[in-house]
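Supplied in structure tokens, the structure appears directly below.
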Amino acid sequence: MNHQKTTVLDLGTPEEKRSEIKAYFNATFDIYEELFTSLKNDDAYYVRAEPLRHPLIFYFGHTATFYINKLVVSKLYDQRVNEGIESIMAIGVDEMSWDDLDKTDYQWPSINEVQTYRDHVRDIVNHLIDTMPLRVPVQWDDPFWVIMMGIEHERIHLETSSVLIRQTNIDWVQPIPGWPICEDRDLAPDNKLLEVQAGTVLQGRTHPSHTYGWDNEFGQQKNEIKTFKASKFLVSNREFLDFVQDEGYENKKWWSLEGWSWKEFRSAKHPPFWIEDEEEMCGYRYRTMCEEIAMPLNWPVDVNFLEAKAFCNWLSEKKGKRLRLPSEPEWYRLYESVELESHSAWLSAPGNINLEHFASSCPVDMFMTNDFGDVIGNVWQWTESAIDGLEGFRVHPAYDDFSVPTFDGKHNLIKGGSWISTGNSALAESRYAFRRHFFQHAGFRYVESDRDVVQDFNVYESDELIAQYLEFHYGDNYFGVPNFPKACIDIISKYLNDSRARAFDLGCAVGRSSFELARYFDHVDALDFSTRFIQNAIHLQEKGKVSYMIPVEGEIKELKTFELNSLDLDGGKGSAESAQRVDFTQGDASNLRAKYTDYDLVFAGNLIDRLYDPKKFLEDIQGRIRQGGLLVITSPYTWLEEYTERSNWLGGKKVNGENVSTLDGIAAVLCDSFDSVTEPIDVPFVIRETARKHQHTIAQLSIWRKK
């Protein structure tokens, strides 16, 4: 097993740091590939162990595609390696509701193809590490921060992929040589509550950072924690068995509404890694990552948040105490109270973490620190706290959707790490969160407190760019200029034929044009490259309302709120029913998946001059439109080399000494398969920057019908 810790970024010379990062990168690549040797044969890569996630072949390729995608976005690398792999393996399905099963039939590449791709990516990244400029400390906006982002991303998937392997049928997996499981399996110690003294908890990283951190770790938060009691040990399999044997899974009173609905849907009767076996003394065997063993009663139980909460409710009544899961600040107070050494100072990990001890859990009393067991390591610890940004939170431009999609009150934080938590995941500062029904190598400890956990979420969109687009799509009209997305769809509606089954809104931003198209079409696919745009559109669709802060002048801002019902999307019945016909997805218009096809209308709103290869886009999109269907393009034709190399501009340039307009360029690509429906139409729009500054622009709208 690999015991290497995450790289320190603020100490040493540039060449020392270059060597350390290169070693860390290759060690990470190696151990990730070693994990997949647990699969017995090629077929195991394509088995779907968990209906909410892809088969393991996706994750085998995903971490390599992440490097290329982030390097291209950051302009550190200028070409694709394998567009097919980078399209199908770019985005996972890790954030779905428990009853939202993805039945898409993907055409996965072969293992050899993915391995060849991984080898190519390894060579590319090693070359960049050898040649890119490097300064110490490595900071947020440095090229090597993106390299570290890729490394730590793969370390995350080392852990999440191990969970999927653990969920795979035992016939498909085998132990990994050199990855030993713990042999200590005995009776569990009695758990009890110990006092944790009051104190001030200060959370948040600052720049420059000692090690790599994800965006949600930066910022500041201060909490005054009053004295509370916490369980001495993590809840063991033995302690949780009492709940199971007391028919805890059959008694609705212990479960939240969400928890009971999940339990009924999954027909859950016990923790996920318990296997019913009447020949065992306790009635169950236990599944490690690659083996089935006799139930280790003294190991921590692995459950999701919903199961942990049901247990706490049951135990509260049994003991006559107010027991619950700790909040994130309470976990930090416990961590600080035992005075563990910082991660970079470890000579040996002070817990079952970093793959330094076992490739499994171990007894809850094996690693003790100041009377508490497993403050870090063994299994992650669920908290009552749903993840949110700390004060001063901002996204990293290379990965704007790492945290923001989870700031929805539905993703609860896990703390402390597990036996396979390495790199950033092994740090106390790490802040990872999962939907409450998801399984990780996660368990829990409980606390006694009379205080409920109450959170105030940042419910208003404060990012200036996002707020600007929300105002553009849903805000006031300025200087008598009509709403642009609505105006475009109103024009298009005059040219629609009777076939109105499917429409595709490319570059949908925060969704107004998509909702307007839903007036006319049975189904609308809506896609944008920015997850933050998509997240706001989905929020409006689900919640019916969106709030945002727009600048007035300087630091002065005003709150705006928009309700979806005001769009009258159902013809005036009081609710936006047709808005539910829109399916919003994050994606790259220049690298579309095969499923985006068979459309009666494709609308590319102000998109064409922001693509890196617009001609390729136009050539590709033609085959995705039905005969007689429409392709509608709007653009002010503001070509910039920041987005599109000059050689790829469709127009706005001289060719052989003659002026070529963008409309000429579009027509040249489309002429064999499309007819122009009408003369181009000018559509003005105004974007508000502040109360006294606005952009007035005129886009050209052209409509093309497939022959």
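The values are calculated or read from the model by the stated rules, or taken from the named source; none is laboratory data. Note that the structure is predicted; figures quoted are calculated from it, not measured. Cβ: placed from backbone, ideal geometry, glycine included. Neighbour counts: every protein chain shown.
Write out, first by first residue and then by second, each pair whose Cβ atoms fall under 7 Å of each other, whose residues are 6+ apart or on separate chains, and whose first residue, in the stretch 315-337, is assigned by TED's automatic domain parsing to the domain that holds R431 while the second is of a type in the set (K, R) and assigned to a strand (DSSP E or B).
E328/K415; W331/K415
If you don't mind, there's one more thing I want to ask. Where in the stretch 474-548 are there helices (runs of 4 or more DSSP H), lying fully within it, with 1 or more residues that are in the same structural domain as F685 (by TED's automatic domain parsing), under 19 Å from A604 (Cα atoms) and acidic (D, E)?
In the stretch 474-548, 484-493, 512-517 are the helices (runs of 4 or more DSSP H) which contain 1 or more residues that are in the same structural domain as F685 (by TED's automatic domain parsing), under 19 Å from A604 (Cα atoms) and acidic (D, E).
Tell me, yes or no, whether the stretch 59-69 has at least one residue that is without any contact (Cβ under 8 Å) to a residue 40 or more places away in the chain, buried (at least 16 other Cβ atoms within 10 Å of the Cβ), of a type outside the set (V, I, T) and out of contact with any Phe, Trp or Tyr (no Cβ under 8 Å at 6 or more places or on another chain).
Yes, because at least one residue in the stretch 59-69 is without any contact (Cβ under 8 Å) to a residue 40 or more places away in the chain, buried (at least 16 other Cβ atoms within 10 Å of the Cβ), of a type outside the set (V, I, T) and out of contact with any Phe, Trp or Tyr (no Cβ under 8 Å at 6 or more places or on another chain).
If I filter the stretch 425-448 for residues that are under 30 Å from H210 (Cβ atoms), in a helix (DSSP H, G or I) and in contact with a helix residue (DSSP H, G or I) (Cβ under 7 Å, 6 or more places away or on another chain), do I get at least one hit?
Yes, the stretch 425-448 contains at least one residue that is under 30 Å from H210 (Cβ atoms), in a helix (DSSP H, G or I) and in contact with a helix residue (DSSP H, G or I) (Cβ under 7 Å, 6 or more places away or on another chain).
So K654 passes all but one of these: (1) on the phi > 0 side of the Ramachandran plot; (2) free of Cβ contacts under 8 Å to residues at least 24 places away in the same chain. Which condition number does it fail?
(1)
Can I ask one more? Give the residue, chosen from V173, V163, V121, V114, that is buried (at least 18 other Cβ atoms within 10 Å of the Cβ) and in contact with a Leu (Cβ under 8 Å, 6 or more places away or on another chain).
Just a single option satisfies the conditions, and that option is V173.
Then there is this: Could you check how many residues of the stretch 70-91 are surrounded by fewer than 19 Cβ atoms within 10 Å (Cβ to Cβ) and either of a type in the set (S, T, Y) or outside any loop (DSSP other than H, G, I, E, B) (or both)?
The qualifying residues number 6.
Taking the stretch 669-707, which residues are among the basic types (K, R) and closer than 16 Å to N477 by Cβ?
Matches in the stretch 669-707: R688 only.
I need the full set of residues from the stretch 253-311 which are in a strand (DSSP E or B), surrounded by 20 or more Cβ atoms within 10 Å (Cβ to Cβ) and free of Cβ contacts under 8 Å to residues at least 60 places away in the same chain, in order please.
W274, Y284, Y286
How many residues are charged (D, E, K, R) and outside any helix (DSSP H, G or I) when one looks only at the stretch 11-41? Spell out how you get there, then give the answer.
Initially, the stretch 11-41 is screened for residues charged (D, E, K, R), giving 15-18, 20, 22, 30, 33-34, 40.
So of that shortlist, the ones also outside any helix (DSSP H, G or I) come out as 40.
Count: 1.
List the number of the failed condition for E563; all other conditions in (1) in contact (Cβ under 8 Å) with a residue 12 or more places away in the chain; (2) more than 19 Å from E471 (Cα to Cα) hold.
(2)
Look at the stretch 318-328 and say how many of its residues are assigned to a helix (DSSP H, G or I) and buried (at least 21 other Cβ atoms within 10 Å of the Cβ).
Residues in the stretch 318-328 being assigned to a helix (DSSP H, G or I) and buried (at least 21 other Cβ atoms within 10 Å of the Cβ): 1 in total.
Given (1) outside the structural domain of S360 (by TED's automatic domain parsing); (2) in contact with an Asp or Glu (Cβ under 6 Å, 6 or more places away or on another chain), where does E217 come up short, assuming only one miss?
It is condition (1) that E217 fails.
Could you pull out the residue among L631, L618 that is part of a strand (DSSP E or B), modelled with pLDDT of 95 or more and closer than 16 Å to S676 by Cα?
L631
Matching residues to (1) closer than 26 Å to V683 by Cα; (2) of a type in the set (A, V, I, L, M); (3) at pLDDT 95 or above; (4) assigned by TED's automatic domain parsing to the domain that holds D401:
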| position | (1), (2), (3), (4) |
| --- | --- |
| D588 | yes, no, no, no |
| T597 | no, no, yes, no |
| I666 | yes, yes, yes, no |
| V669 | yes, yes, yes, no |
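Which is surrounded by fewer than 16 Cβ atoms within 10 Å (Cβ to Cβ), in contact (Cβ under 8 Å) with a residue 40 or more places away in the chain, in contact with a helix residue (DSSP H, G or I) (Cβ under 7 Å, 6 or more places away or on another chain) and over 23 Å from R502 (Cβ atoms), of I698, I681?
On the way: I698 fails: in contact with a helix residue (DSSP H, G or I) (Cβ under 7 Å, 6 or more places away or on another chain).
Result: I681 is the single residue among I698, I681 that is surrounded by fewer than 16 Cβ atoms within 10 Å (Cβ to Cβ), in contact (Cβ under 8 Å) with a residue 40 or more places away in the chain, in contact with a helix residue (DSSP H, G or I) (Cβ under 7 Å, 6 or more places away or on another chain) and over 23 Å from R502 (Cβ atoms).
Here is a check on your reading of the model: is F479 crowded, with 17+ Cβ neighbours inside 10 Å and not polar (S, T, N, Q)?
Against the criterion (crowded, with 17+ Cβ neighbours inside 10 Å and not polar (S, T, N, Q)), F479 does not qualify.
Another question, if that's okay. Just to be sure before I move on: is R18 at pLDDT 90 or above, basic (K, R) and over 23 Å from the mean Cα position of the chain (by Cα) in the structure I sent?
Values: at pLDDT 90 or above: yes; basic (K, R): yes; over 23 Å from the mean Cα position of the chain (by Cα): yes.
Yes: the conditions hold for R18.
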